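Before anything else, here's the structure in question.
Here, each number is a calculation from the coordinates, and none is a lab measurement. In this text, all values refer to a predicted model and were calculated from it rather than measured experimentally. So basically every Cβ, Gly included, is an ideal-geometry build from the backbone, and we count neighbours across all protein chains shown.
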Amino acid sequence: MFQIQRELIVISKRKFLKYSFLGSAASLAAPSVTGMTQRYVKKGKKTVVISTWNHGGPANEAAWQVLAGGGRALDAVEAGARIPEADPKVTSVGYGGFPDRDGVVTLDACIMDEKQNCGSVAFLQGIKHPISVARKVMEETPHVMLVGEGAQRFAVEQGFEVENLLTPKAETAWREWKRESRYQPVINIENHDTIGILALDQHGNLSGACTTSGAAFKMHGRVGDSPIIGAGLYVDNEVGAATATGMGELMIKTVGCHQVVELMRHGYTPEEACREAVERIARKLGDYQQFQVGFLALDRAGNYGAHCIQPGFNYAVRDADGALMKDSKSKLG
Ligand code: SD4
């Protein structure tokens, strides 16, 4: 089905290589226009996985099984993200996620590997594991992003089952919300939110995944940052990886995760880069105090860090020394 499109892509890739060769020859001769130093972090041998919120703990364990067996970071982050996706107690990811204001559960997810390959789904309904559909988009199509009905149709073609994802608990919460229908984003919903998960494997390769049911009781059709490469997730194997949680509109407006990775490229530590991304939101978007945003970053040496707006954002770490939860520093409170 995708044969013709693949051929087109191969042709355009050849053209791209031709022109990018000319481009790189020119840039060798040209002086730096940015004047910024590129300080690549030295590649490390540390195998580690980090992920957002308390539900990151069980997710990291699944990811660690892959990493400890010598597996790829890409397989690790997918395995990790699938844990809260399948857990009905987690009301902000996958099955059991709170629905939109029409009572429909709509899911967003993306995944990115060490070679800049990425795949994404948005506004996906009825499929329990959007992260695995995102990976199929990455590996089985010439595209990066599929949304809505098209994403669901593709998932079914790939063998995923359509099921009802609205649990009785989520439906009750929605009915209670409907009584007042107040559209006010809730900060740190029960300490559960989007899961963003980043891993560094024993080959020194990074990957990341991000999956969510989005803002609870959002407008029907709303898509947040989580499936948007650069906003909710970004990976550059030369530098590091970043993911985000919280009010997605703020990450989209500032392309937050791409910014975190670029800051690390210029010498910021993961924590400093996350802090600067939060500061930039505060400087540029003004009205940020009522929202939560948390950034989490991992560099290619295995150093990690986080920063957020409101107190309450925590993250899980798993490496050969064991598992721990860490509280992020925050701009407010
Ligand atoms: C989003 N970052 O869709 C995600 C999750 C969220 O409040 O909404 N959290 O914006």
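Using only the alpha carbon atoms of the stretch 45-330, find the Kirkwood hydrodynamic radius as the inverse mean reciprocal pair distance, in angstroms to one decimal.
Numbers: mean 1/r = 0.0553 Å⁻¹.
It is 18.1 Å.
Then there's this: Please report, in cubic angstrom per residue, the volume enclosed by the convex hull of the alpha-carbon atoms of the stretch 111-236.
Values: hull volume 16.0 nm³, N = 126.
Given the Cα convex hull of the stretch 111-236, per-residue volume reads 127 Å³.
Work out, step by step, the length gained on full extension between Glu176 and Glu238: first 0.36 nm times the residue separation, then minus their alpha carbon distance; give nm to one decimal.
Values: separation 62, 0.36 × 62 = 22.32 nm, distance 4.77 nm.
Answer, rounded to one decimal: 17.6 nm.
Here's another thing I want to ask about it. Along the charge dipole of the stretch 45-330, pointing to its positive end and built from +1/-1 on Cβ of Lys, Arg, Asp and Glu, which listed residue (Val223, Gly70, Ala199) has its Cα farthest out?
So the residue furthest toward the plus end is Val223.
For the pairs Lys115/Lys326; Lys89/Lys331; Lys128/Lys178; Lys89/Lys169; Lys218/Lys331, note any where the Cα-Cα span goes beyond 18 Å. Intermediate results must be reported in sequence, preceding the final value.
Values: Lys115/Lys326 29 Å; Lys89/Lys331 29 Å; Lys128/Lys178 25 Å; Lys89/Lys169 9 Å; Lys218/Lys331 26 Å.
Table pairs above 18 Å Cα-Cα are Lys115/Lys326; Lys89/Lys331; Lys128/Lys178; Lys218/Lys331.
Hey, another quick one. Evaluate the stretch 218-321: find the radius of gyration of its Cα atoms, find its Kirkwood radius, and give the ratio Rg to Rh. Intermediate results must be reported in sequence, preceding the final value.
Details: Rg = 13.2 Å, Rh = 13.6 Å.
On the Cα set of the stretch 218-321, Rg over Rh gives 0.97.
Also, quick follow-up: Which net charge results for the neighbourhood of Val235, defined as the other residues with beta-carbon distances under 14 angstrom from its beta-carbon, given Lys and Arg at +1 and Asp and Glu at -1? Don't jump to the answer; show the numbers that get you there.
Details: positive: Arg72, Lys115, Arg135, Arg265, Arg300; negative: Glu78, Asp113, Glu114, Asp201, Asp236, Glu238, Glu262, Asp299.
Result for the neighbourhood of Val235: -3.
Taking just the C-alpha trace of the stretch 63-169, give me its Rg and Dmax in Å.
Answer for the stretch 63-169, Rg first and Dmax second: 13.8, 44 Å.
Just how large is the dipole of the stretch 219-333 about the Cα centre, in debye to the nearest 20, putting +1 at every Lys and Arg Cβ and -1 at every Asp and Glu Cβ?
Details: 12 positive and 14 negative charges, 61 e Å.
Dipole about the Cα centre, nearest 20: 300 debye.
Ok, one more. Net charge near Arg135, counting Lys/Arg +1 and Asp/Glu -1 over other residues with Cβ under 12 Å of its Cβ? Present the calculation step by step, with values, prior to reporting the outcome.
Working: positive: Arg72, Arg82, Lys136; negative: Asp75, Glu78, Asp113, Glu139, Glu140.
Combined, the nearby Lys, Arg, Asp and Glu give -2.
So, one more: Per 0.36 nm of contour for each residue apart, how much would the distance between Glu61 and Lys253 grow if the chain were fully extended, relative to their Cα-Cα spacing? Before the final figure, lay out each step's value.
Working: separation 192, 0.36 × 192 = 69.12 nm, distance 3.29 nm.
Taking Glu61 through Lys253 to full extension adds about 65.8 nm, to one decimal.
Then there's this: Based on Cβ point charges of +1 for Lys and Arg and -1 for Asp and Glu, what charge dipole magnitude is obtained for the stretch 45-330 about its Cα centre, in debye rounded to the nearest 20?
Numbers: 28 positive and 36 negative charges, 95 e Å.
In total the dipole reaches around 460 debye.
Next question. If the chain between Glu163 and Asp102 were fully stretched, how many nm would it gain, using 0.36 nm times the residue separation less the Cα-Cα distance? Don't jump to the answer; show the numbers that get you there.
Details: separation 61, 0.36 × 61 = 21.96 nm, distance 1.77 nm.
Fully extending the segment from Glu163 to Asp102 adds 20.2 nm.
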